[in-house]
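Notes follow once the structure below has been shown.
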Amino acid sequence: MTDDQRPSPFPLRLPGSIRGQLDEQARASDRSLNSEITARLRRSLDGDSDEALLHEIVQRLERLERAVTQAQAQDAAVREGGLLSTIAERMRRLEEALLADNRR
């Protein structure tokens, strides 16, 4: 890695409200604060900022879609697990009732 490619420390003073907004956006983008700031600076310095913004939006939507799909799968598994335990409980009660009838 050349000196030009190495990240250099750069202390940056930001108003708290801007820092908070950047932190929120970084979490939403699933990246570090440094990566969020770097991406935003890169986008503003590039001539194709609209294209870069569109690309970032598409990436965020894809991550959101994956998260929603995963949450739906987990929800379905929980509901299915609850249904299965309800069926198992009813079968156990039925078996107990049949055994009780057979003893009479």
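None of the figures in this text is laboratory data; all of them are computed from the coordinates on show. Predicted model only: the values in this text are computed from it and were never measured. Don't worry about glycine lacking a Cβ; one is built from the backbone with ideal geometry, like all the others, and counts go over all protein chains shown.
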*Residue count for the stretch 13-42, restricted to those that are outside any helix (DSSP H, G or I) and not acidic (Asp, Glu)*: 6
*Check the stretch 20-42 and report whether any residue there is surrounded by fewer than 10 Cβ atoms within 10 Å (Cβ to Cβ) and aliphatic (A, V, I, L, M).*
no
*In this structure, is THR86 without any contact (Cβ under 8 Å) to a residue 12 or more places away in the chain and under 15 Å from the mean Cα position of the chain (by Cα)?*
no
*Residues that are within 20 Å of PRO9 (Cβ to Cβ) and either among the polar types (S, T, N, Q) or in contact with a Lys or Arg (Cβ under 6 Å, 6 or more places away or on another chain) (or both), drawn from the stretch 20-68*: SER32, ASN34, SER35, THR38
